[in-house]
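Here is the structure we will look at.
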Amino acid sequence: MSTNHPEGLFRRPHSKYWWMRYYAYDPVKQKRVKIQKSTGETSLRKAKAVRAVALAAVTTGKHHTQHVERVMFDDLQRGLLADYNASGKRSADRAEQAFQHLARTFGGHRALDITAGRLEAYLLARLAEGYSQATVHYELAVLKRAFRLAIRRGELTTAPVFPELKAVNNARTGFFTESDLVALLVELPEHLRGFVEFAYLTGWRKQEMLDLRWEHVDWQAQEVRLEVGTTKNRTGRVFPFADYPQLRTALERQRDYRDVWEAQTHQDVPWVFHRRGKRIKDFYASWRAACKRAGVEGKHLHDFRRTACRALRRAGVPEHTAMLLTGHKTATIFRRYDIHGMDDLRAATAKLAEARREKSPTASETT
């Protein structure tokens, strides 16, 4: 027989602890529900204090129902990726990679255990490991959105306070020389060599290349095509290679690589760039290691996009035509990627010197 107390406290048979009873709003059921759970106290005075704290949490909106307490980090990840896939976001793969890093710290933990302090510690630890501010900013932004979606679905009622980061400057200025490329290709694993060479020759975005299928390569017309809706800005694109032997050779080598794999496994490989017949996803560990061995540590895959813009400008290709090839929608962004290297500066000063030689008076004229 239980022992009741008028202030919402009671004891269950054969239990030495006081239990408490109160009502709170359940966001999932969208109604007030009765909460009964142990205070963990044998003292009536201390049990009253525990119940008072619980009631205060209900009043301030900080109370968590049992359902909320069961929401795990993995639930946040599943909810966010489901939302990305349902809305057709092309960044779903990148978000999944961000969660792989987050899981090393928060995997297996309750959402309620991801506090502001732990987020701040994660930020500092990632920066100490050498990751860029932009990378860590993106990872925390993905997790923050996962919390917001969970609140919208009614699974959580609150989210932790996320650390503030200074404005991230994404306008990097790196680019590759041909010698950089040669050194890097030697160090890369075989399945990434064609991918990197294609990036150098076209300046296409990483996701566009990862999504590229052989059905997009027209050998008869000698064109690589991306259909409308498959690119970042949703526009279609054509990159001819009939008069671009370097690109044609790179594609032929990639085709040979595919044929060898299909002959060994008797399976069709739809992806132009693949790893053992599967679509390439996360390759950053291999990339960083190869860059270090090749002496180009700190370079980014996106540097190939800037390199291609610079090459097109140097080749005298009209800006509008170059933008069609690389997939830039605005001239402002294209010009931002048009990096001027030391060779450009030397050429400019040489032209300046030549112009002044032509206009400056001779020594005899000044005497």
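Pairing residues of region 147-172 that are loosely packed, with under 11 Cβ neighbours inside 10 Å with residues that are modelled with pLDDT under 75 and not small (Gly, Ala, Ser), at Cβ distances under 8 Å and at least 6 apart in sequence or on separate chains, gives Ala171/Arg336.
Is it the case that some residue within region 89-104 is open to solvent by less than 40 Å² (accessible area, probe 1.4 Å), outside any helix (DSSP H, G or I) and out of contact with any Gly (no Cβ under 7 Å at 6 or more places or on another chain)? No, there is no match, as no residue in region 89-104 is open to solvent by less than 40 Å² (accessible area, probe 1.4 Å), outside any helix (DSSP H, G or I) and out of contact with any Gly (no Cβ under 7 Å at 6 or more places or on another chain).
Just wondering, is there one or more residues in region 46-69 that are over 30 Å from Gly8 (Cα atoms), at pLDDT 85 or above and open to solvent by 20 Å² or more (accessible area, probe 1.4 Å)? Among the residues of region 46-69, not one is over 30 Å from Gly8 (Cα atoms), at pLDDT 85 or above and open to solvent by 20 Å² or more (accessible area, probe 1.4 Å), which makes the answer no. Condition check for Val217 on (1) farther than 30 Å from His320 by Cα; (2) open to solvent by less than 50 Å² (accessible area, probe 1.4 Å): one failure, at (1). Is at least one residue of region 167-190 at pLDDT below 85, under 19 Å from Ala103 (Cβ atoms) and of a type in the set (A, V, I, L, M, F, W, C)? No, region 167-190 contains no residue that is at pLDDT below 85, under 19 Å from Ala103 (Cβ atoms) and of a type in the set (A, V, I, L, M, F, W, C). Could you list, in sequence order, all residues of region 97-133 that are without any contact (Cβ under 8 Å) to a residue 40 or more places away in the chain and among the acidic types (Asp, Glu)? Answer for region 97-133, where residues must be without any contact (Cβ under 8 Å) to a residue 40 or more places away in the chain and among the acidic types (Asp, Glu): Asp113, Glu129. Among residues of region 283-304 that are farther than 13 Å from Phe175 by Cα and open to solvent by 70 Å² or more (accessible area, probe 1.4 Å), those with a beta-carbon under 7 Å from a residue that is in a helix (DSSP H, G or I) and at pLDDT 90 or above at least six positions away or on a different chain give the pairs Arg293/Glu187. Annotation for region 72-81: at least one member residue is touching a strand residue (DSSP E or B) at 6+ places or on another chain (Cβ under 7 Å) and farther than 23 Å from Leu210 by Cβ. Screening region 236-333 for helices (runs of 4 or more DSSP H) wholly inside it with 2 or more residues that are closer than 13 Å to Thr202 by Cβ returns the ranges 245-265, 303-314, 319-326.
The condition (being within 21 Å of Ser91 (Cα to Cα) and either among the acidic types (Asp, Glu) or at pLDDT below 85 (or both)) is satisfied by just one residue among Thr321, Thr332, Thr235: Thr235.
Take the residues in region 125-143 that are part of a helix (DSSP H, G or I) and more than 28 Å from Arg70 (Cα to Cα), then tell me which one is modelled with the lowest pLDDT.
This residue is Ala134.
The values are calculated or read from the model by the stated rules, or taken from the named source; none is laboratory data. Keep in mind that this is a model prediction, so the values were computed, not measured. As a convention, Cβ positions derive from the backbone with ideal geometry for all residues, glycine included, and neighbour counts pool all protein chains shown. The protein model used for the area step is the full one, side chains on, heavy atoms only, and it has no ligands, DNA or RNA in it. Shrake-Rupley method; radii C 1.70, N 1.55, O 1.52, S 1.80 Å.
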